[in-house]
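Everything on this sheet refers to the single structure shown next.
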Amino acid sequence: MTFLIFTGHNDRAVVALCRFFSLHHISFVLVASADEPLNATASWREKIILKRSTKAVNLALFQEVVTAYQTCHAVGSELIYCPTTEFINEFVLQNHSVIESMGIKIPLPSQEVYARLTNKESSIAFTKSAVGISPPPLLDWSALRVPCVLKPKQNVSRGVVQYPQICLTEDALTTALENVQPDEWFAQAFVEGQSYYLCAYLTQSGEFTYFWQINLLQQPNGKSIVLARTCRNPGVDAEKLLHALHEAGFRGPLMMEVIQEVGTNTFHFIEFNPRFWGPLQLALDACPDVLRLFVNDAGDVDLLAVPIESTTREHWYAWAAGAHMPNCKRYPALGNLSQQTLTDLLAQHDVFARPY
């Protein structure tokens, strides 16, 4: 049993997985991106079995991976795919039977269940039915007004991962409308409030574990979170949601974002990520059972729980380099921290600066 990680996509999560596997002496290998400088995974360069010659993701690539793996491991030893990237996840689900016949196990739900949760439009009805959380108000396409958010109905379209377009000005809306197809997108009102992540793992048998993350600083246009910490449940029935997910046939890692609206305190559903998310280091620090359940569920083993220092103290996550982008969004929970204090927090908790 060896876990397979593709680097060059979501490397903050890749580093957390490498750390967890190394800590528990679990076999893993890396497939490096075609244009990757390898800085993020420098400590595990000996784990690289293949460097991709191109960015293309196809069946030939997976056959290359298997061949490269078998040159240094016993024939018949199983590879287990780690779901860290939306683009490759979609490909492996579309080609599930062929890839598994090569000897790569795919510990994900069916393509239908995965799509229902990952796609921005179809996940709305599920969440409202499961826990009664509605999305931000839907806006009529013919009468859009700012501020608003344009979202793709499907995350991957024509072989390209699509991202929401946050439009806070008329100019931003005009530019966004020039680059989207109305029949493939929908529009919601922009909700100002506090962002939270529910971070969980749900096994095939229905066992689960989870923790909450409160987001403090985020790259502009809804990109990556660059500063966050753990927090108590803000008021969402997480266990009811996870039971509903199990009944729907889901298994695997999951992050759900909700925003608690300023003024009303109403929760709005934003999205699901049914894969490992960027600030995964918080799971390693605060709730390692997320990763332990993944190993046990995907690898059919029984990795024992490891006691952690405290389940009540705050744990922090930061991505200092990612915070260098101008105009990062400050969430209410960040308060009025000075720039120097913020800089110190980013440096102290940087995901890439931690000892390996």
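The values are calculated or read from the model by the stated rules, or taken from the named source; none is laboratory data. Predicted model, so just to flag it, every value in this text is computed and none were measured. Here Cβ is always computed from backbone atoms with ideal geometry, including for glycine, and neighbour counts include all displayed protein chains.
Filtering S27, S33 for residues that are at pLDDT below 95, closer than 20 Å to F276 by Cα and more than 20 Å from the chain's Cα centre (by Cα) leaves a single hit, S27. Within region 73-98, the set of residues being assigned to a loop (DSSP other than H, G, I, E, B) and within 20 Å of the chain's Cα centre (by Cα) comprises C82, P83, T84, T85. Can you tell me which residue is modelled with the highest pLDDT among those in region 315-356 that are under 14 Å from N215 (Cβ atoms) and surrounded by fewer than 14 Cβ atoms within 10 Å (Cβ to Cβ)? By that ranking, first place goes to P332. Residue-level check: of (1) under 30 Å from E261 (Cα atoms); (2) in contact (Cβ under 8 Å) with a residue 40 or more places away in the chain, G132 misses just (2). In the condition set (1) over 25 Å from N10 (Cβ atoms); (2) touching a residue at least 60 places away in the same chain (Cβ under 8 Å); (3) touching a strand residue (DSSP E or B) at 6+ places or on another chain (Cβ under 7 Å), D237 is compliant with all but (3). Scan region 37-47 and give yes if some residue there is of a type in the set (S, T, N, Q) and buried (at least 16 other Cβ atoms within 10 Å of the Cβ), otherwise no. The answer is yes, given that some residue of region 37-47 is of a type in the set (S, T, N, Q) and buried (at least 16 other Cβ atoms within 10 Å of the Cβ). Only a single criterion out of (1) assigned to a strand (DSSP E or B); (2) closer than 22 Å to T118 by Cα is not satisfied by R229, namely (2).
Residue by residue, here is whether (1) outside any loop (DSSP other than H, G, I, E, B); (2) in the same structural domain as I270 (by TED's automatic domain parsing) holds:
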residue: E100; (1), (2): yes, no
residue: T127; (1), (2): yes, yes
residue: S142; (1), (2): yes, no
residue: V146; (1), (2): no, no
residue: V149; (1), (2): yes, no
residue: D171; (1), (2): yes, no
residue: T174; (1), (2): yes, no
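Here the condition is being more than 30 Å from C287 (Cα to Cα), surrounded by fewer than 16 Cβ atoms within 10 Å (Cβ to Cβ), hydrophobic (A, V, I, L, M, F, W, C) and touching a strand residue (DSSP E or B) at 6+ places or on another chain (Cβ under 9 Å); of A56, A34, it holds for A34 alone. C199 passes every criterion in (1) surrounded by fewer than 20 Cβ atoms within 10 Å (Cβ to Cβ); (2) within 20 Å of the chain's Cα centre (by Cα) apart from (1).
Among the helices (runs of 4 or more DSSP H) confined to region 247-356, the ones with at least 3 residues that are within 19 Å of Y197 (Cα to Cα) and hydrophobic (A, V, I, L, M, F, W, C) are located at 281-286, 289-299. With the requirement that a residue be over 19 Å from the mean Cα position of the chain (by Cα) and in a loop (DSSP other than H, G, I, E, B), what does region 36-61 give you? Scanning region 36-61 gives E36, P37, L38, N39, R52, S53, T54, K55, A56, V57, N58.
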